[in-house]
Amino acid sequence: MRSTNVPAYDIALYALVMALRGLDGTEGRPIARRNARRRVLGALRKVRAVVDEKAPAIIMRGKVTRLKTTKGRIARLEARGWISIAAAMAGALAAHGVSVRRVVDEQGHGHLFVPTWAHEIGAVDGAKLREALKSVKLRRAVLAEKALRESRA
């Protein structure tokens, strides 16, 4: 085994090699196999800990819009396929069982959001709305029709 010039790496890697050797010959003995696997996994965790200590992971959090702000909540809802609508339409859709989300901004104005598929079906077709609440296939079909209409326009 080659040396890495870092004692902590060498010790952890040597323990891993020895634990891997301990796996040989345990095929027919389930308890010995379990114990050998535990030794290997423990040695892997120690190697991982040494690597994380010497070279920590780079965590990039710059692109995440935080949920705490109103703009963040609205952006998250829109990214998940919700659309802002008027209060009268939201009430009509809610009467058919469609979930409505309300986000209040800093000025105290409420923004109402419903799923895009519910807005596409509309409050007029209550039977189709109730069916779409139960059927993911129908919701996807409504969204596909919308995308097709928009691509033609």
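Miscellaneous remarks
- Residues of the range 73-88 satisfying the condition of being assigned to a helix (DSSP H, G or I), among the hydrophobic types (A, V, I, L, M, F, W, C) and either under 14 Å from Arg139 (Cβ atoms) or touching a strand residue (DSSP E or B) at 6+ places or on another chain (Cβ under 9 Å) (or both): Ile74, Leu77, Ala87
- Residue in the range 28-43 that is assigned to a loop (DSSP other than H, G, I, E, B), on the phi > 0 side of the Ramachandran plot and surrounded by 11 or more Cβ atoms within 10 Å (Cβ to Cβ) present: no
- For Val47, the criteria (1) more than 30 Å from Ala19 (Cα to Cα); (2) modelled with pLDDT of 85 or more hold in every case but one, which is (1).
- Pairing each residue of the range 13-40 that is over 26 Å from Val51 (Cα atoms) with any residue that is assigned to a helix (DSSP H, G or I) and open to solvent by less than 40 Å² (accessible area, probe 1.4 Å), provided the two are 6+ apart or on different chains, yields C-beta distances under 7 Å for Thr26/Ala32; Thr26/Ala36.
- The set of residues from the range 79-95 being surrounded by 15 or more Cβ atoms within 10 Å (Cβ to Cβ) and over 29 Å from the mean Cα position of the chain (by Cα) comprises Met89, Ala92.
- Test: residue in the range 53-66 that is closer than 30 Å to Tyr9 by Cα, of a type in the set (D, E, K, R), modelled with pLDDT under 90 and over 21 Å from the mean Cα position of the chain (by Cα): yes
To keep it simple, each residue is scored yes or no on (1) outside any helix (DSSP H, G or I); (2) polar (S, T, N, Q); (3) at pLDDT 90 or above.
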{"site": "Ala90", "(1), (2), (3)": "no, no, yes"}
{"site": "Glu106", "(1), (2), (3)": "yes, no, no"}
{"site": "His111", "(1), (2), (3)": "yes, no, yes"}
{"site": "Leu143", "(1), (2), (3)": "no, no, yes"}
{"site": "Ala147", "(1), (2), (3)": "no, no, yes"}
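- Here Gly97 passes the criteria (1) touching a residue at least 12 places away in the same chain (Cβ under 8 Å); (2) at negative phi except the one numbered (2).
- Top-ranked residue of the range 105-130 - restricted to ones that are more than 19 Å from Gly81 (Cα to Cα) and open to solvent by 70 Å² or more (accessible area, probe 1.4 Å), ranked as farthest from the chain's Cα centre (by Cα): Val124
- Selection of the range 141-153 for residues being open to solvent by 30 Å² or more (accessible area, probe 1.4 Å) and touching a residue at least 12 places away in the same chain (Cβ under 8 Å) yields Leu143, Glu145, Lys146.
The values are calculated or read from the model by the stated rules, or taken from the named source; none is laboratory data. This one's a predicted model, so the numbers in the text were calculated from it and none came from an experiment. We place every Cβ from the backbone using ideal geometry, glycine too, and count neighbours over all the protein chains shown. For accessibility, only protein heavy atoms count, side chains too; no ligands or nucleic acids. Shrake-Rupley method; radii C 1.70, N 1.55, O 1.52, S 1.80 Å.
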